[in-house]
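Participant: First the structure, then my questions, so here it is.
The values are calculated or read from the model by the stated rules, or taken from the named source; none is laboratory data. All values derive from a computational prediction rather than experimental measurement. Neighbour counts run over all protein chains shown; Cβ positions are idealised from the backbone, glycine included. Protein only, heavy atoms only, side chains kept; ligands, DNA and RNA dropped before computing areas. Shrake-Rupley method; radii C 1.70, N 1.55, O 1.52, S 1.80 Å.
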Amino acid sequence: MTQSLIEIKNLHKHFGAIQAVNGVDLNIAQGEVVVIVGPSGSGKSTVLRCINHLEIPSAGAVYIDGVHLEDRRTDINKVRAEVGMVFQQFNLFAHLTVLDNITIAQRLVRKRSRGEAEEIAMRQLERVGIPEKATMYPRQLSGGQQQRVAIARSLAMNPKIMLFDEPTSALDPEMIKEVLDVMLDLARDGMTMVVVTHEMGFARAAAQRVVFMDNGQIIEVGPPDQIFINPTHERTQLFLSKIIKH
């Protein structure tokens with residue numbers, strides 16, 4: 001069996017008395033798209049943030065491409081450069097143009113020249129469908145366009161993994177589809193993706209596996225058809241009955 005690109009072993013994370021993640025085990029293969037669903041406060045985003053070491057586990061271990069993140073010898077910034085992350089908020093620099101937003105990390109972290117960074121930035125803007133916005137500032141863009149810039153910025157770093165933490169939750173309904181379409185294209189292109197979302201249509205269309213979490217634990221894992229059509233756990237059934245319109 002090939003080594004998983006992401007390995008999560010008995011992950012625990014608590015914030016004071018709150019147990020946000022409680023004994024999560026999950027392996028994700030290269031090229032796999034895994035969508036994590038569940039009620040608010042179930043630990044989904046905390047798991048995602050532990051994968052990128054934005055949160056440090058209270059116990060357990062996370063490995064990225066065989067590298068143990070909690071090992072003191074691990075260069076976290078080097079590992080993090082291989083992991084793109086897209087948040088609910090776009091986190092763009094308001095005073096920089098779209099092009100500069102996408103080139104700044106390339107030049108600082110990847111040590112690329114301005115010319116090379118701009119060439120890659122334009123290629124990624126083409127990929128997300130807004131190359132004509134390169135000279136604009138974030139305030140001149142819609143929320144959906146800003147989120148696509150944030151995705152392009154992550155892709156420009158040539159990550160091995162893309163993490164998405166509810167990337168459409170801050171968007172107006174009519175802008176959600178344009179962002180999900182970009183993510184669907186990435187999934188088809190074979191990008192390894194872990195996505196926390198409430199968009200069940202996306203999960204059905206893009207995921208190889210759906211993970212249902214509640215109270216900091218994985219309750220059920222399976223292909224989308226199994227999870228959405230024939231879930232085995234009563235808690236999964238209850239959750240889906242409330243959010244899926246029949």
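Participant: Out of the residues in segment 157-178 that are of a type in the set (A, V, I, L, M) and more than 26 Å from GLU116 (Cα to Cα), state the one that is farthest from the chain's Cα centre (by Cα).
Facilitator: Selected residue: MET175.
Participant: Here's something else I'd like to know. Restricting to segment 69-108, and then to whatever is in contact (Cβ under 8 Å) with a residue 40 or more places away in the chain, over 20 Å from the mean Cα position of the chain (by Cα) and in a helix (DSSP H, G or I), can you tell me which residue is nearest to SER169 (Cα to Cα)?
Facilitator: Out of the qualifying residues, it is VAL98.
Participant: From THR135, THR103, which residue is surrounded by fewer than 17 Cβ atoms within 10 Å (Cβ to Cβ), hydroxyl-bearing (Ser, Thr, Tyr) and out of contact with any Pro (no Cβ under 6 Å at 6 or more places or on another chain)?
Facilitator: THR135
Participant: Just one of THR197, THR232 is without any contact (Cβ under 8 Å) to a residue 24 or more places away in the chain, under 24 Å from GLY41 (Cα atoms) and of a type in the set (Val, Ile, Thr); which is it?
Facilitator: THR232
Participant: In addition: Do we find that GLN19 is exposed (fewer than 15 other Cβ atoms within 10 Å of the Cβ) and either in a loop (DSSP other than H, G, I, E, B) or at negative phi (or both) in this structure?
Facilitator: So GLN19 does not fit the description; no.
Participant: Any residue at all in segment 188-195 that's touching a Gly at 6+ places or on another chain (Cβ under 8 Å), more than 20 Å from PRO39 (Cα to Cα) and either surrounded by fewer than 21 Cβ atoms within 10 Å (Cβ to Cβ) or among the aliphatic types (A, V, I, L, M) (or both)?
Facilitator: Yes: segment 188-195 contains one or more residues that are touching a Gly at 6+ places or on another chain (Cβ under 8 Å), more than 20 Å from PRO39 (Cα to Cα) and either surrounded by fewer than 21 Cβ atoms within 10 Å (Cβ to Cβ) or among the aliphatic types (A, V, I, L, M) (or both).
Participant: Of all residues in segment 22-60 being open to solvent by 70 Å² or more (accessible area, probe 1.4 Å) and within 18 Å of PHE212 (Cβ to Cβ), which is modelled with the highest pLDDT?
Facilitator: ASP25
Participant: So which of GLY115, GLY144 ends up being closer than 17 Å to GLN89 by Cβ and assigned to a helix (DSSP H, G or I)?
Facilitator: On inspection, the qualifying residue turns out to be GLY144.
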